[in-house]
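In what follows, a single structure is set out as structure tokens and then discussed.
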Amino acid sequence: MTRVAFAALLSHWGRNPVQLFTLLAGLALATGLWSGVQAINAEARASYDAAASTLDEGRYDRLVARDGAAFGQDVFVTLRRAGWLVSPMLSGDLDGVRLIGIDALTAPAGMGPVTLGGDVNLAAFLTGGNQVFANALTASRLDGVDVLISPDLADHTAVADIGMAQRLLDRAGRIDSLLVLPDQPRDLPPLAQIAPDLTLQPAQGGTDIAGLTDSFHLNLTAFGLLSFAVGIFIVHGAIGLAFEQRRGMVRTLRALGLPLRRLIGLMLAELLVFALVAGVIGVALGYVIAALLLPDVAATLRGLYGADVSGTLQLRPSWWASGLGIAFAGTLLAGGSALWGIARMPLLAAAQPRALAMAAGRRARWQMGAALVLLAVAFVLAFNADGLVTGFALLGTLLIGAALALPPVLNAVLAFASGRARGVTAQWFWADTRQQLPGLSLALMALMLAIAANIGVSTMVSSFRLTFTGFLDQRLASELYVSTDSAEQTAALIAFAESRGVVVLPIQSADVQIAGQPAEVFGTRDHATYRDNWRFLQSTPDAWDATFAGQAVVINEQLARRGALGLGDMVTIGSLTLPVAGIYGDYGNPIGQVVLAEDPFAAQFPNVEARQFGLRVPGEVAAVVTDLTAATGIGAGQTIDQAGIKAVSLAIFERTFTVTTALNILTLAVAGFAILMSLLTLAAMRVPQLAPAWAMGMTRSALGRLELLRAVMLAVLTAALALPLGLALAWVLLAVVNVAAFGWQLPMYLFPLDYARLGGFALLAAVLAAGWPAWRLARTPPGDLLKVFANER
Amino acid sequence: MNAKALILCLLPVTASAQGFAGLGTEVEGFSTPAPDPVFDFPADHGPHPDYRIEWWYLTANLEDADGTPYGLQWTLFRSALAPYEAEGWDSPQLWMGHAAVTTETEHFVAERLARGGIGQAGVVADPFSAWIDDWALEGDWQTLQMRATGADFGYDMTLSAAGPLVFHGEGGYSVKSAAGQASYYYSQPFFEIAGTLHLPTGDVEVTGNAWLDREWSSQPLADNQTGWDWFSLLFDDGNKLMGFRLQQTDGMNYTSATWITAEGETTPYADGALQVEPLMTNAAGVPVHWRLTLPARGVDVTVEALNDDAWMATSVPYWEGPVTFQGTHQGRGYLEMTGYD
């Protein structure tokens, strides 16, 4: 009985292959986008974890020289012999790879090449056997050393014994820093007594980077969920339709004695089989998406946050679990109400299939109510959201509320148009469109979400780009940047600049804690460069005068937000307490900044010596660089011209959004697919409705044209409604989510041309999706249309 | 760095681990001890880099003014990856320091690791100084200063020798197996010790007796030997006994003993003369009660640990703690057991 009943249920799909395809494809696409995004996230996180477990130097306090320079390893021995448990580190560039030298014997537990296996020659590692550990990708860049592959090491990082690193980097006897182990012995002599030239740098805790990269992942996850939601709309539609069409069959099966419980069980089993098949396809699809996008994500994260992510993809069991899990969850979500309907259906009622439109009446009211509630919540959140969670809650309520509101709103618009229509054909067109709306509404909701996401994200990207470019012009005002590596070079540079009438602006900073936040203090020379180029978000009228007079400071927006500092609030730097005179935008910088005049800076940080300088070069930069090298011995590697920095910064920035753009296009494609599938499904059902129109003299090609026109009209209406939603989405991203994630707000700019182009794309998607069904309609054999009358019930 | 890697550290270049801490591993390029040694002091108090393994191993039985007993350990191990010394980080000489203080209820342990060649750890024969980080054992062997610190304990001690050095086996050539593995082995068992223990509960002034072992070799264990049980016993009548049992994979044992009179005269006892028998193990399966018999001297005693949990949870783990004994004789001493992890 069970087997026969199951076969009967499944036979429906044999008769409706398009529906089956819609169901499976929708679910697979949704799962694919979701798991692709998850895969990227998981891969990136795994990369951080690898980096963290290999050499998480930031986890430990460290001792560094006050001037930041390298120091002799005898300091290490002195400290050890005084009882301090410290471990030396040295790092430097080797063939473009960051080579880190460690002492495995004194390093904190868990540090060092993590996969020391039986075949590792540890004696060779320790005693200058020319051994370096790196992952396979990094290994391919290193020549002349015996590279052992350690897959857990982060990209662009190689680890060697400290003695080996000193040799490879040509820095014999030197170390950069000493890690301070967490458990020190009792009764240690004070640092000032044994190593007065060193200063203790507290552990970074690694949370800043984690917070920033989290926000990026959260962004990706939001897009993954959005795509998934679009896909679930499709699946919901397909399942709802299939269950609707099988009501007769259900009635028959139950009349034949199949218990309701078993019937529900069978239908559930059927859905789960579909979920499994679609889930597997989806995860595979997700792998492809992730593999295509991952290099860009890696580049983005590296560029924005300095976080190293491997550009290669590894298949992880967690994706399969998460992908299949979401496929099952989505199927149950989409099929739940349909199953519930079947479970509550009286045994002999509902013998005839209800028209979808009939059910829609009651549903519409409920839907409008839910939409209003969600939009009301969104409205409240818009004024109260202050974190990532509430920000994303705002996004969610806004998008779902708007999607739910779409069919009732479209219905009202169509009713209005219908009332205004003149002529029989026009009236029929509007009425028929309203009749079709329930069947298309899920696809249209998907389309609206896709368009809105596109508008929102492109607004954010373009606003960011505009702001960022302007910001670079302000902040990289000096024509040439020079770094020196000794006091002699600095003196030579200053002498050279004086002889050429070039203004030298030192860039010197110290790390401090301000209002409980880590921040950098910059000691800045009074010059028109700052007064002319820096734009304040808020400032007192004489902000720069007060600052350069040593009477005030200016701070960046990040510090102002995180430290809750406003104009006039006091900031304490060492023994100095000054009011905030201005707040400037500082995009892309994770930590707080304070700009202090040069003299008070020198008083507070007597040991900080400027090693970087901005040069205001009046004429041609290249000639000055040549002369500078000749006069001072400062190499080309120590100078950067502004155009170079700008180009690099912009390139990094461009890549950041490649991923977002790619996901946008995919989302739009999925929405187009939803329309296509909805129209194909409706096409067969619509023959009885079209046959009378045909019988009354409308040609099939006229009917086809009207079908196409309808799709375009609906797409235009949807796009028009998506525009305000997209702008609202952009506002949430810029003013709420960005502030929560990055600590700064971006001004929002509008880009009507971009929106028009997006609308064009949406239209194109609708036309492409509607084209084939319309073409099929125009080719419907007259016999099929006639049969409608022959078979009339 | 994990324990596995650390044990790897202690291994020679090409061999696979055998016996406790790889001490049963074949040697290549390293010198091996030969019979009839001629010692050269103070030079031989210093390191012998051409031998693979060497230690300066001090244990002490202490008591405070109230008579509360304590045990103390200060050990510096040298383990060579290659049979030479070199300047800087290229040195193949690895150093490992272990310090411990044992009370009746607690056992404090600290460990330090270092490479030779950079000055962080080493031993100089004359004037004698053995150190790793801030831990040190220094002086002229008549008087030695000793200190060590851990996260929760430390000590500062002064040692003075009240007797001569004693040589184990045949004049300091101590055979470890029937196959002929051997080490150079001498001791100073006559140290009187006094100083301060720094414990979490406060400083404690203590006095007592200390025993310093010097041993070096390249393959002290045969390849079928998995560990040892080593006893140093101080009899109340002034005599002393050093005895050890080497465990073999075939279930047999190899024993050796040295009887030391109060004047420092020694009598070596070859395999079989000393018999040791575990009587009771602690919760971790390590024997903490033993019966020791040396019929040639009329010795039949029961040895009991002061604290059953004197486990050295170091990168190469073992048990080391103070003991007392009863029976035909009585007194106190130290017990070391390896190969039980």
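In the range B:304-313, is there at least one residue being in contact with a strand residue (DSSP E or B) (Cβ under 9 Å, 6 or more places away or on another chain), open to solvent by less than 10 Å² (accessible area, probe 1.4 Å), closer than 19 Å to B:Gly327 by Cβ and modelled with pLDDT of 95 or more? So far as the range B:304-313 goes, no, none of its residues is in contact with a strand residue (DSSP E or B) (Cβ under 9 Å, 6 or more places away or on another chain), open to solvent by less than 10 Å² (accessible area, probe 1.4 Å), closer than 19 Å to B:Gly327 by Cβ and modelled with pLDDT of 95 or more.
In the range B:271-297, the residue that is farthest from B:Ala178 (Cα to Cα) out of those that are in contact (Cβ under 8 Å) with a residue 60 or more places away in the chain and part of a strand (DSSP E or B) is B:Trp290.
Each residue in the range A:133-189 was checked for being within 14 Å of another protein chain (Cβ to nearest Cβ) and small (Gly, Ala, Ser), and 6 of them qualify. When you check A:Leu276 against the structure, is it modelled with pLDDT under 70, open to solvent by 60 Å² or more (accessible area, probe 1.4 Å) and in the same structural domain as A:Leu332 (by TED's automatic domain parsing), yes or no? So A:Leu276 fails the test. Considering the range A:519-542, and only residues there that are hydroxyl-bearing (Ser, Thr, Tyr) and at pLDDT below 85, the residue that is nearest to the chain's Cα centre (by Cα) turns out to be A:Tyr530. Here the range B:271-303 is the region considered, the condition is being under 20 Å from the mean Cα position of the chain (by Cα) and either aliphatic (A, V, I, L, M) or farther than 24 Å from B:Gly227 by Cβ (or both), and the residue that is surrounded by the fewest Cβ atoms within 10 Å (Cβ to Cβ) is B:Val276.
Residues that are at negative phi, part of a strand (DSSP E or B) and out of contact with any Gly (no Cβ under 6 Å at 6 or more places or on another chain) were ranked within the range B:131-141; the one that is farthest from the other protein chains (Cβ to nearest Cβ) is B:Leu137. Considering every residue within the range B:91-106, establish whether at least one is within 11 Å of chain A (Cβ to nearest Cβ) and surrounded by fewer than 22 Cβ atoms within 10 Å (Cβ to Cβ). Among the residues of the range B:91-106, not one is within 11 Å of chain A (Cβ to nearest Cβ) and surrounded by fewer than 22 Cβ atoms within 10 Å (Cβ to Cβ), which makes the answer no. Does the range B:109-130 include one or more residues that are surrounded by 20 or more Cβ atoms within 10 Å (Cβ to Cβ), facing chain A (nearest Cβ under 10 Å), of a type in the set (Gly, Ala, Ser) and in contact with a Ser or Thr (Cβ under 9 Å, 6 or more places away or on another chain)? Within the range B:109-130, one or more residues are surrounded by 20 or more Cβ atoms within 10 Å (Cβ to Cβ), facing chain A (nearest Cβ under 10 Å), of a type in the set (Gly, Ala, Ser) and in contact with a Ser or Thr (Cβ under 9 Å, 6 or more places away or on another chain). Scan the range A:67-85 for residues that are at the interface with chain B (Cβ under 10 Å from one of its Cβ atoms) and either of a type outside the set (S, T, N, Q) or out of contact with any helix residue (DSSP H, G or I) (no Cβ under 9 Å at 6 or more places or on another chain) (or both) and the total you get is 10. Filtering the range A:99-118 for residues that are over 27 Å from A:Asp183 (Cβ atoms), modelled with pLDDT of 65 or more and either open to solvent by less than 10 Å² (accessible area, probe 1.4 Å) or away from every other protein chain (no Cβ under 14 Å) (or both) leaves a non-empty set. Of all residues in the range B:142-160, those that are open to solvent by 20 Å² or more (accessible area, probe 1.4 Å) and more than 11 Å from every other protein chain (Cβ to nearest Cβ) total 5.
The criterion of at least 3 residues that are buried (at least 20 other Cβ atoms within 10 Å of the Cβ) is met by the following strands (runs of 3 or more DSSP E) wholly inside the range A:495-599: A:503-514, A:517-524, A:553-556, A:576-584, A:592-597. On the basis of being at pLDDT 80 or above, over 21 Å from A:His236 (Cα atoms) and open to solvent by 50 Å² or more (accessible area, probe 1.4 Å), does A:Val377 make the cut? Criteria met by A:Val377. The single condition from (1) surrounded by 22 or more Cβ atoms within 10 Å (Cβ to Cβ); (2) more than 16 Å from the chain's Cα centre (by Cα); (3) free of Cβ contacts under 8 Å to residues at least 40 places away in the same chain; (4) over 26 Å from B:Val109 (Cβ atoms) that B:Ile260 fails is (3).
The values are calculated or read from the model by the stated rules, or taken from the named source; none is laboratory data. This one's a predicted model, so the numbers in the text were calculated from it and none came from an experiment. Positions of Cβ are generated from backbone atoms using ideal geometry, with glycine treated the same way; all protein chains shown enter the neighbour counts. Protein only, heavy atoms only, side chains kept; ligands, DNA and RNA dropped before computing areas. Shrake-Rupley method; radii C 1.70, N 1.55, O 1.52, S 1.80 Å.
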